[in-house]
1. Among the residues in segment 167-176, are any touching a Lys or Arg at 6+ places or on another chain (Cβ under 9 Å), surrounded by fewer than 14 Cβ atoms within 10 Å (Cβ to Cβ) and part of a helix (DSSP H, G or I)?
2. When E87 is evaluated against the numbered criteria (1) modelled with pLDDT under 90; (2) surrounded by 14 or more Cβ atoms within 10 Å (Cβ to Cβ), which criterion, by number, is the only one it fails?
3. Output the number of residues of segment 44-65 satisfying the condition of being surrounded by 17 or more Cβ atoms within 10 Å (Cβ to Cβ) and not hydroxyl-bearing (S, T, Y).
4. Any residue at all in segment 202-210 that's of a type outside the set (A, V, I, L, M, F, W, C), crowded, with 18+ Cβ neighbours inside 10 Å and more than 18 Å from the chain's Cα centre (by Cα)?
5. Do we have any residue at all in segment 228-250 that's at pLDDT below 90, under 15 Å from the mean Cα position of the chain (by Cα) and on the phi < 0 side of the Ramachandran plot?
6. Which condition number in (1) free of Cβ contacts under 8 Å to residues at least 12 places away in the same chain; (2) in a helix (DSSP H, G or I); (3) closer than 22 Å to R108 by Cβ is the one that D145 fails?
7. Do we have V211 as assigned to a helix (DSSP H, G or I) and outside the structural domain of L154 (by TED's automatic domain parsing) here?
8. Mind checking which residues of segment 251-285 are among the hydrophobic types (A, V, I, L, M, F, W, C), in contact with a Gly (Cβ under 6 Å, 6 or more places away or on another chain) and at pLDDT 90 or above?
Amino acid sequence: MPVIIDIESVAVNVDTTESNGLYPIREVSRLTGINPVTLRAWERRYGFIEPKRTNSGHRLYSLTDIETVRRVQGWIERGVSVSKVGELLARGTPAISQHEGVQSTEYREWQLQISAALSAFNEAQLERLYGQIFSSYPPEVVFQDILMPLWHQLSKTRDEFGRTSEWLLLDGFLRGRVLHRLQFQLQGASASTCVVVVALPDLCRELELLVTGLLLSRADRVIRVLPMGQPLDELALVCEKIQPAGVVVFAQRALSTAHHRRLLKLGQTLDCPTLLAGEAANVAQPALCDSSIGCLGHDARVMSQRLDAELKGHVAF
């Protein structure tokens with residue numbers, strides 16, 4: 001059987017285009033999880049995106065194009081037919097999007113209501129809003145587009161008088177609810193695939209770790225989130241008992257040289273795939289491309305897809 005090579009996916013110099021804020025089709029495919037054939041179809045048949053072209057005819061996508069791809073993806077996953085998505089985009093109707101920093105007016109209104117409940121220290125109202133949000137959106141939107149951006153915003157101002165108490169209320173509330181959901185999925189789990197999620201020391205907060213574990217959990221995949229402070233040099237012993245299909249190491253801040261060495265050493269000691277998730281994964285990916293460590297990124301949908309590929313033994317990057 002002849003091997004078909006997608007020339008456009010390999011021909012563009014990524015370093016040159018990304019420095020100009022433009023991305024080749026293979027990078028857009030990696031970032032969004034949408035294959036190049038589908039991206040071209042969306043362009044030709046529906047006109048969702050209009051990438052620029054190099055002199056040789058290769059497509060180059062802007063950040064706006066990438067966000068449009070994510071919006072199309074969000075509507076399709078909500079059950080909207082692809083032929084109807086163009087109308088929604090033309091009207092500027094908010095779609096489900098995991099791209100951080102992009103929030104619809106609808107999401108902002110929820111955040112304002114939560115902020116009011118925090119200012120009043122009204123935990124009962126906070127509980128009601130949390131339930132309403134979860135009944136309206138999937139978990140990745142609840143956390144990535146609504147709750148965690150607000151949590152991060154309050155975290156940046158928590159040194160201001162009064163803000164500390166509000167942030168602590170939200171942080172404690174969310175940690176309790178996420179822990180409950182993680183425990184519930186463990187108790188009712190019938191899946192044979194288990195994945196361990198562990199923090200890289202000093203590079204994330206507990207809530208960020210717990211939310212990542214929750215967003216990676218599925219009916220066919222049990223997630224075991226190890227406590228903050230778990231010694232990495234004892235992880236091989238833990239894995240010997242649990243026998244996970246993979247280990248996801250989570251970090252939100254960039255890895256130092258020492259962290260990088262530690263991660264590589266960890267990958268050599270474990271008998272299952274070792275993967276890096278969080279903001280640090282995007283920064284560290286070039287340095288880890290020739291190692292045994294896979295990079296999952298930080299977007300929930302992309303992380304889950306890449307984890308699937310790694311656990312199935314496929315090359316995801």
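The values are calculated or read from the model by the stated rules, or taken from the named source; none is laboratory data. Note that the coordinates shown come from a computational prediction; the quantities given were computed from them, not determined experimentally. Note that we place each Cβ from the backbone using ideal geometry, even for glycine, and neighbour counts take in every protein chain shown.
1. Yes, because at least one residue in segment 167-176 is touching a Lys or Arg at 6+ places or on another chain (Cβ under 9 Å), surrounded by fewer than 14 Cβ atoms within 10 Å (Cβ to Cβ) and part of a helix (DSSP H, G or I).
2. Here E87 meets the rest and fails (2).
3. Result for segment 44-65: 7.
4. No, because not a single residue in segment 202-210 is of a type outside the set (A, V, I, L, M, F, W, C), crowded, with 18+ Cβ neighbours inside 10 Å and more than 18 Å from the chain's Cα centre (by Cα).
5. No, every residue in segment 228-250 fails to be at pLDDT below 90, under 15 Å from the mean Cα position of the chain (by Cα) and on the phi < 0 side of the Ramachandran plot.
6. For D145, the failing item is (1).
7. When the stated conditions are applied, V211 passes them.
8. As a first pass, look at segment 251-285 and keep what is among the hydrophobic types (A, V, I, L, M, F, W, C): 251, 254-255, 258, 263-264, 266, 270, 272, 275-277, 280-281, 283-284.
Subsequent filtering for residues that are in contact with a Gly (Cβ under 6 Å, 6 or more places away or on another chain) retains 251, 272, 275, 281.
The answer is A251, C272, L275.
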